[in-house]
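Okay, so here's the structure we're looking at.
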Amino acid sequence: MLDSIPGLLNSTFPVPGRFRSALPSGIKELSELLTNRRGSRSLSYLTRPNLLSAYLHYFLPWNLYRLCLLLPELNFSLSPGSTITDLGCGPLTLASALWISQPDLRKIPLEFNCIDRSGPALEAGKKFFSALCKSTNTDMQNNIWKINLIKEDIDFRKPKTVNITMKASLVCAINIFNEVYENLSHNNTEGLKRMAANAAHFMHNIALPDASILTVEPGVPQSGRFIAFLRDEFIRLKRLALAPCTHSLDCPLGNKKWCHFAFETFDAPKELQRLSAAAKLPKERLVFSFILAGASITPKTALNPENESKSCAIRVISDAFALPGGRFGRYGCSAQGLILLTGDKNHIDKLSALDIVLNSVFNGHHDAKSGAQIREVK
């Protein structure tokens, strides 16, 4: 389905021939506005037709590709009638990614509150999602998913700014917080911590007690620090840290770092790769950071630090790399701290970022570079 997305976008949002040649420059301009020219970007940047077109043809498919790597690894426990609130949804990226990557959910009645400040992005998303449904032989009119478009500018500095009457089973915030904290100095740790606390309380307040809360951000250091603070605040709010964490104890990496996940893009749609090359923005790797928080802790689900610390479920958080003696390794994270998983090339190559390793053996040594416990992969 991902291979078909560029063609579906071209048919849904055709770019006239005389403007097609300008699309790569529009993509380049939008990329700069989202990175090194953030200060000159207006809040309504997606109301400009050329930037919206650039977003739809370049950023939307790459974001779908990225989310479709992540979402199948997560368990949201959605049931018939569940509500999903998507903050800063853009052109319905999350709903579309769920439709693509979770075909079993297409048969379950779900209600989406898709919230964004850009009316054109919301309308474009509705149009694209309708085309996506038709591509899987489902008419949006008969689709059992209910999509509510809500044009709101969310201010995470206030306790609640969105008029939501029903708390959600899943609250998502994808690539939205970096627009909030991007103007903070990287040395402003307290400011970043306050923003993370505000964001955590905001999402907690619009979520059901047993809801899942998902935040996905770019895999850069500032995003990592923000997510580390977000995790701390969720735990203070008595919500379990579900992923990438395998526990809700203190983060072994501390608040100065956070695990990020990188994937090669060799199997991305060829047309998307060609458009990326034309815009001089080739993507050889996709990198992101995320946190999934879960149900509120009750007496029945109360944390038992002693039991958690004995667990050795390990989340793989790095690429493979060579070690002395013809061995290979990957770093992982567990309740026991940072782990260096080792084995022969065949064993290590079978693993990838995001995998959970349950069978490993501590060999009694620690990594001289990181201090990580060294465990052999079975």
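Values for this structure:
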| quantity | calculated |
| --- | --- |
| Filter result (of a type outside the set (Ser, Thr, Tyr), assigned to a loop (DSSP other than H, G, I, E, B) and open to solvent by less than 40 Å² (accessible area, probe 1.4 Å)) within the stretch 226-248 | 237, 244, 245, 247 |
| Within the stretch 1-29, tally of residues that are over 22 Å from residue 97 (Cα atoms) and aliphatic (A, V, I, L, M) | 3 |
| Test: residue in the stretch 250-258 that is in contact with a Lys or Arg (Cβ under 6 Å, 6 or more places away or on another chain) and either modelled with pLDDT of 85 or more or surrounded by 20 or more Cβ atoms within 10 Å (Cβ to Cβ) (or both) | no |
| Criterion (at pLDDT below 95 and touching a Cys at 6+ places or on another chain (Cβ under 8 Å)) met by exactly one of 2, 92, 33, 105 | 2 |
| Residue 286 being under 26 Å from residue 10 (Cβ atoms) and in a strand (DSSP E or B) | yes |
| Positions within the stretch 271-289 being open to solvent by less than 60 Å² (accessible area, probe 1.4 Å) and either touching a His at 6+ places or on another chain (Cβ under 9 Å) or at pLDDT below 90 (or both), in sequence order | 272, 275, 287, 288, 289 |
| Considering residues of the stretch 69-87 that are in a loop (DSSP other than H, G, I, E, B) and touching an Asp or Glu at 6+ places or on another chain (Cβ under 9 Å) only, the residue least open to solvent (accessible area, probe 1.4 Å) | 81 |
| Hits in the stretch 256-275 - residues which are touching a residue at least 60 places away in the same chain (Cβ under 8 Å) and either under 21 Å from the mean Cα position of the chain (by Cα) or assigned to a loop (DSSP other than H, G, I, E, B) (or both) | 259, 261, 262, 263, 265, 268, 269, 272 |
| Residue within the stretch 93-109 that is assigned to a strand (DSSP E or B), closer than 25 Å to residue 205 by Cβ and touching a residue at least 40 places away in the same chain (Cβ under 8 Å) present | no |
| Residue in the stretch 114-131 that is farther than 26 Å from residue 288 by Cα and either crowded, with 21+ Cβ neighbours inside 10 Å or among the charged types (D, E, K, R) (or both) present | yes |
| Some residue of the stretch 347-360 being at pLDDT 90 or above, on the phi > 0 side of the Ramachandran plot and open to solvent by less than 20 Å² (accessible area, probe 1.4 Å) | yes |
| Scan of the stretch 179-192 for residues that are in a helix (DSSP H, G or I) and open to solvent by 60 Å² or more (accessible area, probe 1.4 Å), ordered by number | 189, 190 |
| Enumeration of residues in the stretch 193-218 that are farther than 20 Å from residue 153 by Cβ and either in a strand (DSSP E or B) or among the aromatic types (Phe, Trp, Tyr) (or both) | 207, 208, 209, 210, 211, 212, 213, 214, 216, 218 |
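The values are calculated or read from the model by the stated rules, or taken from the named source; none is laboratory data. Keep in mind it's a predicted model, so treat the numbers as computed, not measured. FYI the Cβ positions are ideal-geometry reconstructions off the backbone, even for glycines, and counts take in every protein chain you see. These accessible areas exclude ligands, DNA and RNA; they are computed on the full protein's heavy atoms, side chains included. Shrake-Rupley method; radii C 1.70, N 1.55, O 1.52, S 1.80 Å.
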